[in-house]
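**Student:** Here it is, the structure in full.
The values are calculated or read from the model by the stated rules, or taken from the named source; none is laboratory data. Quick caveat, the model's predicted, so the values are computed rather than measured. Backbone-built Cβ (ideal geometry, glycine too); neighbour counts: all protein chains shown.
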Amino acid sequence: DAALTARQVRADIADLKSLVQDAESSQRGFLLTGNDSYLEPFELARQEIPAKLDSLRLYVTQEPALAEGMAVLSARINAKLEESSNTVALGRAGRTQEALAIVDGGAGQKLMDEARDLFDTLIDGADRRFASSIAAQQDSANALNWVALAATGVILAVVGSAAWIVLNYTRDLANARVEIETLNTGLEEKVRERTVELGRANDEIQRFAYI
């Protein structure tokens, strides 16, 4: 389902964005304090980000626009993770000033800014696809409703025609019965009249026979 896919893509992009931001905050916290506890989110993000990227690549294979943006985003994230890993390694080696100098150089910040823009673009695209899918589903539902209404109209027309035919047949049958009864009544009357005439004729013949 396109709508469900769009929602899943949006959720994965949002999760990925959160992981990248957690990694950056964790990196900075460690370099500023030297406290290893700040690195827990960084290590977690570094483990989960590749799987999220793979999942998103799978979802966007059929969407050229999203796939292109995803490829660029993936490159920016990998570059940022490499920069973060290098500075964390320097910090762990006691070369914190060198690590901070790299951070202050702004390369990592530029990568993050570009990544955020790409995240927003991809999220907007996923939202538009979701809205479009919902609209398409609504259009399909409306079309089905019209088809159902049309089918109902046809059924009613057929039923109405059948009822009209039956009604006419019943009426014609009743008329025919009345005509038959009328004919029978007339025939009986004619038979009686003819019988009377024959009786009179027979009486006349017998009278002549006795003369």
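**Student:** Just the residues that are surrounded by 14 or more Cβ atoms within 10 Å (Cβ to Cβ), acidic (D, E) and more than 19 Å from Q27 (Cβ to Cβ), please, taken from the range 37-66.
**Tutor:** Listed by number, the list holds a single entry, E63.
**Student:** Any residue at all in the range 115-125 that's modelled with pLDDT of 80 or more, farther than 30 Å from G29 by Cα and not small (G, A, S)?
**Tutor:** Yes, the conditions are met somewhere in the range 115-125.
**Student:** Sort through G108, G69, G94 and tell me the only one that's at pLDDT below 95, over 19 Å from the mean Cα position of the chain (by Cα) and either at positive phi or not in a helix (DSSP H, G or I) (or both).
**Tutor:** G94
**Student:** Select, from E114, E63, the only residue that is in contact with a Lys or Arg (Cβ under 8 Å, 6 or more places away or on another chain), within 19 Å of A6 (Cβ to Cβ) and in contact (Cβ under 8 Å) with a residue 24 or more places away in the chain. Reasoning before the result, please.
**Tutor:** Values: E114 fails: within 19 Å of A6 (Cβ to Cβ).
The unique qualifying residue is E63.
**Student:** Something else: Right, R129: more than 30 Å from S26 (Cα to Cα), touching a Leu at 6+ places or on another chain (Cβ under 9 Å), in a helix (DSSP H, G or I) and not acidic (D, E) or not? Steps first, please.
**Tutor:** Details: more than 30 Å from S26 (Cα to Cα): yes; touching a Leu at 6+ places or on another chain (Cβ under 9 Å): yes; in a helix (DSSP H, G or I): yes; not acidic (D, E): yes.
Yes; evaluated as a whole, the condition is true for this residue.
**Student:** Could you tell me which residue of the range 126-156 is modelled with the lowest pLDDT, considering only residues that are among the β-branched types (V, I, T) and surrounded by fewer than 12 Cβ atoms within 10 Å (Cβ to Cβ)? Quick ask: steps written out before the conclusion?
**Tutor:** The initial filter retains those residues of the range 126-156 that are among the β-branched types (V, I, T), namely 134, 147, 152, 154-155.
Narrowing further to those that are surrounded by fewer than 12 Cβ atoms within 10 Å (Cβ to Cβ): 147, 152, 154-155.
Details: V147: 74, T152: 81, V154: 80, I155: 84.
The qualifying residue modelled with the lowest pLDDT is V147.
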